[in-house]
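The values are calculated or read from the model by the stated rules, or taken from the named source; none is laboratory data. Predicted model, so just to flag it, every value in this text is computed and none were measured. Backbone-built Cβ (ideal geometry, glycine too); neighbour counts: all protein chains shown.
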Amino acid sequence: MDPQPVSRTRKKKEDRALQTLGEALVSLSPEQLATFDLPAELREALDLARKTRQHGARRRQLQYIGALMRRIDTAPIHQALANIQRGNLAKARAFQRIEAWRDALRDGRFEMIEDILNRCPEADRQQLAQLARNACREARRGKGSGASRKLFRYLQRISPEG
């Protein structure tokens with residue numbers, strides 16, 4: 001007995017999903033894209049889509065990319081994109097943690113220094129305390145944000161994820 005034929009609606013949904021995947025690949029940097037194992041023809045189509053600015057031409061190029069992707073297994077591409085997104089999420093969380101540390105120290109909550117030293121063993125207590133005092137003093141006076149920026153850069157440098 002023959003299996004049920006795939007409906008036109010389902011085929012269109014699958015094609016749109018491949019085009020969306022192609023758009024995600026086009027939005028990646030060339031360095032990130034280099035980590036993918038893609039056929040040369042698909043790579044060239046992605047490069048051309050990245051350079052194409054006219055809406056209609058870009059849409060047609062994405063349709064072509066979708067057609068090329070029908071011939072390959074897209075599971076590794078989905079997995080690699082998920083890994084990139086997880087990496088970006090981890091970076092964003094690390095950035096937010098560093099901002100929270102800076103804000104707490106700038107607001108005069110110097111007990112955070114112990115927490116920072118526990119998480120960042122290479123941190124210099126004296127330098128961290130001095131930068132925190134300068135940022136706090138600057139914030140109380142309502143002056144610029146130079147000391148706050150220095151504190152943030154230092155926290156970024158010593159943070160294991162930063």
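Overview of results
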item	result
Flag for Q130 being within 30 Å of L48 (Cα to Cα) and free of Cβ contacts under 8 Å to residues at least 40 places away in the same chain	no
Answer from Q61, Q54 - the residue that is over 21 Å from Q79 (Cβ atoms) and surrounded by 17 or more Cβ atoms within 10 Å (Cβ to Cβ)	Q61
Residue within region 74-85 that is over 23 Å from K11 (Cβ atoms) and more than 18 Å from the chain's Cα centre (by Cα) present	no
Per-region count, region 13-51, residues among the basic types (K, R) and more than 17 Å from T74 (Cβ to Cβ)	2
Hits in region 100-122 - residues which are of a type in the set (D, E), part of a loop (DSSP other than H, G, I, E, B) and free of Cβ contacts under 8 Å to residues at least 12 places away in the same chain	E111
Lone qualifier among R86, R106, R71 - being under 16 Å from C136 (Cβ atoms) and either at pLDDT 90 or above or not aromatic (F, W, Y) (or both)	R106
Search result, residues across region 88-103 that are surrounded by 13 or more Cβ atoms within 10 Å (Cβ to Cβ) and more than 21 Å from R133 (Cα to Cα)	A94, F95
Among (1) over 30 Å from R140 (Cβ atoms); (2) in contact (Cβ under 8 Å) with a residue 12 or more places away in the chain - the single one R97 does not satisfy	(1)
Hey, E138 modelled with pLDDT of 90 or more and surrounded by fewer than 13 Cβ atoms within 10 Å (Cβ to Cβ) or not	no
